[in-house]
1. Going through B:Lys239, B:Lys296 one at a time, which residue ends up being farther than 21 Å from A:Arg72 by Cβ and open to solvent by 20 Å² or more (accessible area, probe 1.4 Å)?
2. Within the stretch A:126-139, can you find the residues that are within 25 Å of A:Thr61 (Cβ to Cβ) and touching a Phe, Trp or Tyr at 6+ places or on another chain (Cβ under 9 Å)?
3. Hey, A:Lys37 hits all of (1) in the same structural domain as A:Val118 (by TED's automatic domain parsing); (2) within 13 Å of DNA strand C (Cβ to nearest atom) but one; which does it fall short on?
4. Could we say that A:Lys26 is within 8 Å of DNA strand D (Cβ to nearest atom), of a type outside the set (Phe, Trp, Tyr), in a loop (DSSP other than H, G, I, E, B) and free of Cβ contacts under 8 Å to residues at least 40 places away in the same chain here?
5. Anything in the stretch B:258-274 that is within 14 Å of chain A (Cβ to nearest Cβ) and open to solvent by less than 10 Å² (accessible area, probe 1.4 Å)? List them, or say none.
6. Mind listing whichever residues of the stretch B:87-110 are surrounded by fewer than 22 Cβ atoms within 10 Å (Cβ to Cβ), more than 10 Å from every other protein chain (Cβ to nearest Cβ) and part of a helix (DSSP H, G or I)?
7. May I ask you to list the residues in the stretch A:66-76 that are of a type in the set (A, V, I, L, M, F, W, C) and either part of a helix (DSSP H, G or I) or at the interface with chain B (Cβ under 7 Å from one of its Cβ atoms) (or both)?
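The values are calculated or read from the model by the stated rules, or taken from the named source; none is laboratory data. This is a predicted model, so every value here is computed, not measured. When we count neighbours, we look across all protein chains shown, and the Cβ atoms used for this are built from the backbone with ideal geometry, even at glycine. Just the protein is used for accessible areas: all its heavy atoms, side chains included, with ligands, DNA and RNA removed. Shrake-Rupley method; radii C 1.70, N 1.55, O 1.52, S 1.80 Å.
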There are 2 protein chains.
Amino acid sequence: MKITIKDIAKLAGVSTATVSKIVNNKIDDVSDTTVYKVRKIIKEKNYTPNYLARSMVTKKTKTLGLIIPDIRNPFFTDIAKGAEDRANELGYSIFFCNSDDDLDKEFTYINSLIEKQVDGIMLAGAAKRDRDRERKININIPIVAVDRNAYYKGIKGSIEIDNYTGAYKGVNHLISKGYERIVFVSGPLETKPSMERLRGYKKALKDAGKIIDNENIIVGTYERNFGEKVIETLDYSLKNVGFFCGNDLIAIGLIKSLKEKNYKVPEEIGVVGFDDIYISLLISPSLTSLRQPSYKMGYESIELLIKILDNNNEEKNKKMLKTRLIIRESTNRINLD
Amino acid sequence: MKITIKDIAKLAGVSTATVSKIVNNKIDDVSDTTVYKVRKIIKEKNYTPNYLARSMVTKKTKTLGLIIPDIRNPFFTDIAKGAEDRANELGYSIFFCNSDDDLDKEFTYINSLIEKQVDGIMLAGAAKRDRDRERKININIPIVAVDRNAYYKGIKGSIEIDNYTGAYKGVNHLISKGYERIVFVSGPLETKPSMERLRGYKKALKDAGKIIDNENIIVGTYERNFGEKVIETLDYSLKNVGFFCGNDLIAIGLIKSLKEKNYKVPEEIGVVGFDDIYISLLISPSLTSLRQPSYKMGYESIELLIKILDNNNEEKNKKMLKTRLIIRESTNRINLD
DNA sequence: TTGTATGCGTTATCAT
DNA sequence: ATGATAACGCATACAA
């Protein structure tokens, strides 16, 4: 039988109200002696409050939901780790949900999280969105969107990456390395990151005096599998082509297929990824990529979410973090300019 | 204001008791007409029960805890994914915890999970254990141990891998490929998997008529970093050496350092990993490894845990899964035998 | 400074 | 077949 506040009250010869105050540190008008006495008994009896009962009356569960599209993508794993660490530091627990990039599954999870009365949700949304359906869902708890876009009513803040500048830097790097045709192997254009990267890609081409050709924009999913298949779909020569990829998984798949076809990377073909997941360092040739502060994104998203919950959110609830170009072997050839 | 069972009762002109019965499908002695009437109103009003209140009285939260050592290791990521999928299918939510292979952190998480009244815990324990301290913790909910060993009182079942046979197969493969000196680069020997693999390693050597030399057993952590440093510590020639590694991360680090020192893998040196994480396919040379059914381990652990919760656990609560040797480039040389 | 009483939303027991 | 009511463990408004 678990010990309750009543037991403590009886043992201490005080009321449950007094014990409750002491447990919650609202001891402004409780005498030092009773505080001492009760604390001692609490310690002795190893009493811990029942969270469920507490939540019933406070309407707060100290619990958050975390929804990410793909736990197998190290980028999201890092986000999750950052989120978990910060939540833990602030005394929150996290319900963990994997949407598999499926909006319906995301809906289901959101409902289930609301039923379980989480205080808030941190969401990296599924790729394909549906503005109308999302708007219809009645969400009365705050959501912080991270990385991906979403349209729920509950969204009260977001942590993003400067994808536009990141893409610009990556494409520009390929151009400066003398690759002639620059191909963008994009993730789903429904996602804001992809849209922004496309913008950056176009701007970089434009600034370099290159023409933008739709033939050079290939759209697929954020999966390695897509990267592996991509060259099969191209009907032009891959001589001196620079590939700018939507993420590292795509780039890794692409490099794999290029090697199998005996293309030389980086001599003939350059490849740039996005995310800088740790595998990118390990493959051969190692991958030039745009490093995202993924752990930080998770960490700060939870921080923002809890700040919103505490209503200390006078500051703006939108934050944009920077990327950094990490140059490795996959583009490291002598500049032909 | 959220709608409650009382509201439904009032609208239907029945008691909350009746509504409760219908909500929980205990309708043996409720008339069809009231069932129909109440169900209709529930649907109209979009009523969902308050889980906290329900849990207060049923003492069940339909919530589980999942503790793993390292979310950044794809092996555990896969376990987590399997766990989440099965929990979701069975109507449970998962609190997700990362112990960073730190026993103290594991303790803290277990306490916090118990406070949050999870129904059970699935645990892949931190590497270093402390039998005495573990035994002292009073745990009144079932724990299923997966992969790693642990000594808590609450442990009611386990899902393991046949590490002994796996190691035997891996070492035997190296021997059959003609590598002369077989070195075991082990993870922490406090973990049962490492102990079992050591047993398998020794048995394979013995069966091949080789002597067991402690100089050939290097112990470290399950991290890539350890693998990268390992050859620095060896003072014998690496000519024709076969490395059997405690996991793939170690093997990947080892291969990286071997390449940097211009050793030829697999011609001069063979490397076998353990886990077969997906990166092993992508590095160069690709890694021969022992595939573990990691997703399945997570999936079945949750299944077992919930079975124990439901008291349908007449079957034995211990299961041992098999490994499979996946041969790739890192050992693929012409047999010198 | 302390205690009493009520309510949070549900399930379960026992009458009716 | 249905309903009244206690109980779960706590926080809080208000009274003392």
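1. Numbers: B:Lys296 fails: farther than 21 Å from A:Arg72 by Cβ.
Exactly one of B:Lys239, B:Lys296 is farther than 21 Å from A:Arg72 by Cβ and open to solvent by 20 Å² or more (accessible area, probe 1.4 Å), namely B:Lys239.
2. A:Glu134, A:Ile137, A:Ile139, listed by residue number.
3. Here A:Lys37 clears every test but (1).
4. Here the answer is yes, as A:Lys26 does meet what is asked.
5. Matches in the stretch B:258-274: B:Leu258, B:Val271, B:Gly273.
6. B:Glu89, B:Leu103, B:Asp104, B:Phe107
7. Once the filter is applied, which keeps residues that are of a type in the set (A, V, I, L, M, F, W, C) and either part of a helix (DSSP H, G or I) or at the interface with chain B (Cβ under 7 Å from one of its Cβ atoms) (or both), the stretch A:66-76 yields A:Ile71, A:Phe75, A:Phe76.
Okay, residues lined up against (1) without any contact (Cβ under 8 Å) to a residue 60 or more places away in the chain; (2) β-branched (Val, Ile, Thr); (3) within 24 Å of A:Arg324 (Cα to Cα):
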| position | (1), (2), (3) |
| --- | --- |
| A:Arg148 | no, no, yes |
| A:Tyr152 | yes, no, no |
| A:Lys169 | no, no, yes |
| A:Ile211 | yes, yes, no |
| A:Leu234 | yes, no, no |
